[in-house]
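Bear in mind these aren't lab numbers, they're just calculated from the coordinates by the rules spelled out. This structure is a prediction, so every number in the text was calculated from the model and none was measured. With ideal geometry, Cβ positions are generated from the backbone for all residues, glycine too; neighbour counts draw on all protein chains shown.
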Ligand code: COA
């Protein structure tokens, strides 16, 4: 079973994280597959909208913490992570997401680059970067304050306070909250509505709304430098060890 399933449903490319035994914690090959699927959508005229999805009980537990430990020895975030983030941010086609259960770390920060997010009512968005001895990534230090204001972004990104689905909607990063189990169908329906609109009009409107994305790409690089330094820090190493050796 592959950890990333790419399924083109008519004009909608569904990119599904499918490493459910590890709560969809992302490995480097998973980032590579997602980067390729997002970038490939850009050059495929049949694809009019992308949908990011996870499992019925978990969206994504963030980066694989074992990989973080290896990355600390290797000297930084792997290129596949950056490739995925660049592809997502530079993507010109609309991106919809369906979120069930936990969306942790990059599971939440990727949502900040989506155009339409549907969450099951029990979804929980969190970014425990600082508690893990790390710093925010994926351009979130720039985009989150813009979307939800500094105070709410600080609570999320620095204090690590989770957002429930209704709070995330209130903060403006989720469009719709639906019954648990209905997020996928509601997101797919939204993606279908977007895909049915005149493609050129969608593209141009989105481009106008987003402006230049170079600033976000620069921030991703800046964050990655800080992240690289933090990965080696005693705080981060201790937090990773604590997670990997915890007793259940
Ligand atoms: N990296 C590596 N493995 C992870 C993981 C991650 N980010 N998140 C979960 N897993 C693994 C667990 O180690 C466990 O593996 P095991 O069955 O071999 O022991 C399995 O996934 C199930 O996780 P578990 O914690 O038992 O599930 P849960 O439903 O009780 O909790 C989470 C789900 C997402 C709340 C919890 O797993 C979690 O907090 N994960 C870490 C999230 C994180 O800090 N990510 C980094 C963000 S920067």
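Cα gyration tensor of the range 1-110, axes a ≥ b ≥ c as square roots of the eigenvalues: rounded (a/c below 1.5), prolate (a/b > b/c) or oblate? Walk me through the intermediate numbers first.
Working: a/c = 2.05, a/b = 1.37, b/c = 1.50.
It is oblate, given that a/c is not under 1.5 and a/b is not larger than b/c.
Using per-residue counts of other Cβ atoms within 10 Å, averaged over each peptide, order 202-211, 122-131 from highest down.
122-131, 202-211
What full-extension length gain, to one decimal in nm, is calculated for residue 238 and residue 8 as 0.36 nm per residue of separation minus the Cα-Cα distance?
Extra length available between residue 238 and residue 8 comes to 78.6 nm.
Sorted by packing (mean other beta-carbon atoms within 10 Å per residue), highest first, where do 109-119, 42-52 land?
Working: 109-119: 24.5, 42-52: 17.8.
Ranking the peptides 109-119, 42-52 by packing returns 109-119, 42-52.
What's the angle, to the nearest 10 degrees (0 to 90), between helix 28-42's Cα axis and the longest principal axis of the chain?
The helix 28-42 is inclined about 20 degrees to the chain.
Tell me the mean residue ellipticity at 222 nm calculated for the chain from its helices only (DSSP H runs of n ≥ 4, each -39500 (n - 2.57), averaged over every residue, nearest 500). Before the final figure, lay out the partial values.
Details: 11 runs with 118 residues, N = 248.
Per the formula, -14500 deg cm²/dmol.
For a test of the definition: using alpha carbon positions, the gyration tensor, and the 1.5 limit on a/c, classify the range 158-248 as rounded, prolate or oblate. Provide the component values of the computation, followed by the final result.
Numbers: a/c = 2.87, a/b = 1.48, b/c = 1.94.
Oblate, since a/c reaches 1.5 and b/c is not below a/b.
Cα axis of helix 199-210 to longest principal axis of the chain: angle in degrees, 0 to 90, nearest 10?
40
With a 10 Å radius around each residue's Cβ, average the other Cβ atoms per peptide and rank 31-40, 135-144, 155-164, highest first.
135-144, 31-40, 155-164
Given a Förster radius of 22 Å and the C-beta distance between residue 154 and residue 222 as r, what FRET efficiency does 1/(1 + (r/R0)^6) yield to the nearest 0.05?
0.75
Take the alpha carbon gyration tensor of the range 78-234, find the square roots of its eigenvalues, order them as a ≥ b ≥ c, and report rounded if a/c is under 1.5; if not, report prolate when a/b exceeds b/c, else oblate.
Working: a/c = 1.96, a/b = 1.26, b/c = 1.56.
Here the range 78-234 falls in the oblate category.
When DSSP assigns beta bridges and you keep just the ones with both residues in the range 4-178, what percent turn out antiparallel, to the nearest 5?
Values: 8 of 30 bridges.
Of all bridge pairs located within the range 4-178, approximately 25 percent are antiparallel.
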